[in-house]
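Chemist: Before anything else, here's the structure in question.
Every number in this text was worked out from the coordinates using simple rules, so none of it is lab data. Values in this document were obtained by computation on a predicted structure and should not be read as measured data. All Cβ positions, even for glycine, are placed from backbone atoms using ideal geometry, and neighbour counts span all protein chains on display.
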Amino acid sequence: MADIRVRLVSITAHQLIDKQLTLPEGARLSELLEEFVPDQTANLKVGIYGQFIAQPSQRVLQDGDRVELYQPVKRTKINRRK
């Protein structure tokens, strides 16, 4: 079985995560999340190349995937008016 390479990306107000990961072929998105962001998996929104993934346990990762961790938008007075 060969390995695949995926990229894990997330941006918060204080931190940029941009990691290249090597995983075994057949790895699921949920496995990646449990290993690399275990404390956030319950409420985490995630996508691959901008496409939201509702069921990470169903998605098998492919070589070259960019996994994006989505952060909630903070409501401020300025963006509340829009």
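Chemist: Along region 6-18, what does the Karplus equation 6.51 cos²θ - 1.76 cosθ + 1.60 (θ = phi - 60°) give for ³J(HN,Hα), rounded to whole Hz, x for Gly and Pro?
Modeler: Values, residue by residue: 10, 10, 9, 10, 7, 10, 10, 5, 10, 8, 10, 10, 8 Hz.
Chemist: With Rg and Dmax of the Cα atoms in Å as the read-out, I listed [x] 13.9, 44; [y] 14.2, 53; [z] 12.0, 36; which label goes with the value calculated from this structure?
Modeler: From the options [x] 13.9, 44; [y] 14.2, 53; [z] 12.0, 36, the structure gives [y].
Chemist: If you don't mind, another one. If each DSSP helix of 4+ residues adds -39,500 (n - 2.57) and the sum is divided by the residues in the chain, what number results at 222 nm, nearest 500 deg cm²/dmol?
Modeler: Value at 222 nm, helices only: -3500 deg cm²/dmol.
Chemist: Please list, in chain and number order, the residues 5+ apart from VAL46 or on another chain whose amide H is under 5 Å from its amide H, with Hs placed from the backbone.
Modeler: ILE53, TYR70
Chemist: Determine, for LEU61, LEU16, LEU21, the number of other Cβ atoms within 10 Å of each Cβ, and report the residues in order from fewest to most.
Modeler: LEU16, LEU21, LEU61
Chemist: Fewest first, what order do ASP65, ASP39 take by the number of other Cβ atoms within 10 Å?
Modeler: The most exposed by this proxy come first: ASP39, ASP65.
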